[in-house]
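Please read the structure below before turning to the comments.
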Amino acid sequence: MTRLVLDVDTGIDDTLALCYLLASPEAELMGVVGTYGNVTARDSVRNNRAVLRLFGHGHIPVMLGCEAPSWADLFEVDEGCARFHGSNGLGNVDPTDYLPDGIAIGADAAGHDDDPAASARTSVAAFRGTLTKSVGGERVAIDATAESAALADAAAASREGEGVRFIVDAVRRYGRDVTVVATGPLTDVDAAIRLAPDIVPSLKLVIMGGSLTQEGNCYDLICETNIFQDPEAANRVFRSGADVTMIGLDVTHQCLMTRADADLWRATGTPCGAFLADMVRFYINANEASDPIFLAGSPLHDPLAAAVALDPTLVGLFDVNMMTETATGNGHGFRGRTIGDPTRLREPRKTSHVALTVDAPRFTATFRDRIAGLCAA
Ligand code: CA
């Protein structure tokens, strides 16, 4: 059995990663942390709860993670993310529409009920002059209002909130017997390390993010989206000394999902199968419209990270000490680029393990069949 904490910015492929873990008998999912990225952190929490309930796992606790990058007061979803994931993160499909009538909703094991983010609310609306907002990773200065200041207070509180503390507690309790899988920006993991530096030696982390040998998937074609959202957090995590397995575009672009996979899930005739097929149709349409390379299928970014956490033999790993550049210009590199760390090039211990090869046929077949089995159950 592999014990896991999943940290997600849910997200269509985050949902597929969550479903892959639910479908895998060797996975023991302790809890899910919802962070910002493809959607707001609160929408991520809401999506995770709704999906877990639809699939009959409403008891698994879902916690609110960081609501904004480490370098910003506020976060707003940009158009690019909505184009791939829909305005609600789930391809504009609502999982609660697929719940059979009369099903009891109830609370999860941590006692959360329907209102996902109540614990993060704050009554303190400290008024500041200006605030920094991240719009999908781009820096925007805004004049503070009472409303935006209250949201900034809530975002600041989330850096030491229940999601971050859940990661800290899990690693302190289980050490290397728990794997943290992060498939969004690394803000939560960074916040956990800053809150509790003692977890670093035993932190076992698998991330979806970055790229070492391929173009990025941001407009600059250098950065990968998750890293681009919070380069400072990613850099601190890479350089912390924690053990990081990086599942980047080098391998996720080799693992594609097709319409035939979705048809198989729909053919189970269950509400779960219909939900996933409807959601995935949006993702496949968006990927096909974005780039001819995805006419062959849509990349399984986050599910591959979840799968590697369970079975590292799916990928070939290159051991290297990684970093993330945090500024652009002469002498700096390019903000958001993931690259080897020259200051640790000669260190014998390599803390990062970058997947450069993948058994794509084995993974995509296992993914398709396990999800079909989950839908049929
Ligand atoms: Ca994600």
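The values are calculated or read from the model by the stated rules, or taken from the named source; none is laboratory data. Because the structure is predicted, anything quoted here is derived from the model rather than measured. Methodologically, a virtual Cβ is constructed for each residue, glycine included, from the backbone with ideal geometry; neighbour enumeration extends over all protein chains shown. These area figures cover heavy atoms from the full protein model, side chains too; ligands, DNA and RNA do not enter into them. Shrake-Rupley method; radii C 1.70, N 1.55, O 1.52, S 1.80 Å.
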Practice task
Compute log10 of I(q)/I(0) for segment 2-376 with the Debye formula, placing one identical point scatterer on every Cα and leaving out solvent, at q = 0.09 Å⁻¹, to two decimals.
Solution key: -0.46
Practice task
List the residues whose amide H sits under 5 Å from the amide H of Ala27, counting only those 5 or more places along or on another chain, with H placed 1.01 Å from N in the peptide plane.
Solution key: Thr2
Completion exercise
Here the net charge surrounding Thr313, from other residues whose Cβ is less than 10 Å away from its Cβ (Lys, Arg +1; Asp, Glu -1), is -1
Handout entry: Under the Karplus curve 6.51 cos²θ - 1.76 cosθ + 1.60, θ = phi - 60°, whole-Hz ³J(HN,Hα) for segment 68-75, x wherever Gly or Pro sits
Key = 8, x, 5, 9, 10, 7, 9, 9
Handout entry: Carbon + sulfur, % of accessible area of the chain - ligands and nucleic acids excluded, 1.4 Å
Key = 53 percent
Exercise for the section: Compare the Cα positions of Ile247, Thr187, Gly269 along the charge dipole of segment 182-282 (+1 at Cβ of Lys, Arg; -1 at Cβ of Asp, Glu; about the Cα centre) and return the one farthest towards the positive end. Expected result: Gly269
Exercise for the section: Determine the calculated [θ] at 222 nm for the chain from helices alone, applying -39500 (n - 2.57) to every DSSP H run no shorter than 4 residues and normalising by the residue count; nearest 500 deg cm²/dmol. Expected result: -11500 deg cm²/dmol
Handout entry: Accessible area per residue in Å² at 1.4 Å probe, computed on segment 2-376
Key = 39 Å²
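In segment 126-218, which chymotrypsin sites (Phe, Trp or Tyr not before Pro) fall in coil by DSSP and have 10 or fewer other Cβ atoms within 10 Å?
Sparse-neighbourhood loop chymotrypsin sites (Phe, Trp or Tyr not before Pro): Phe127.
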Exercise for the section: Choose one of Cys375, Leu54, Ile227: the residue whose Cα lies farthest towards the positive end of the charge dipole of the chain (beta-carbon charges +1 Lys, Arg; -1 Asp, Glu; about the Cα centre). Expected result: Ile227
Fill in the blank from the handout: Low-density loop GluC sites (Glu not before Pro), segment 177-266, at most 13 other Cβ within 10 Å, DSSP non-H/G/I/E/B, are Glu215
Practice task
Report, in whole Å, the centroid distance computed from the Cα atoms of segment 222-261 and segment 31-106.
Solution key: 20 Å
Completion exercise
With the 8 Å Cα cutoff and a minimum separation of six or more residues, segment 238-341 has a relative contact order in percent of 26 percent
Practice task
Name the long-range amide H neighbours of Phe75: under 5 Å, sequence gap of 5 or more, or other chain; modelled H, no Pro or chain starts.
Solution key: Ser134
Exercise for the section: Along Cα→Cβ, 7 Å out, is where each label goes; now give me the distance between the ones at Arg346 and Glu288 in nm to one decimal. Expected result: 5.5 nm
Practice task
Calculate one ³J(HN,Hα) per residue across segment 168-174 by plugging θ = phi - 60° into the Karplus curve 6.51 cos²θ - 1.76 cosθ + 1.60, and present them in order as whole Hz with x for glycine and proline.
Solution key: 4, 5, 5, 6, 5, 7, 10
Handout entry: Segment His57-Arg3, extension gain: residue separation times 0.36 nm, minus the distance between their alpha carbons
Key = 17.8 nm
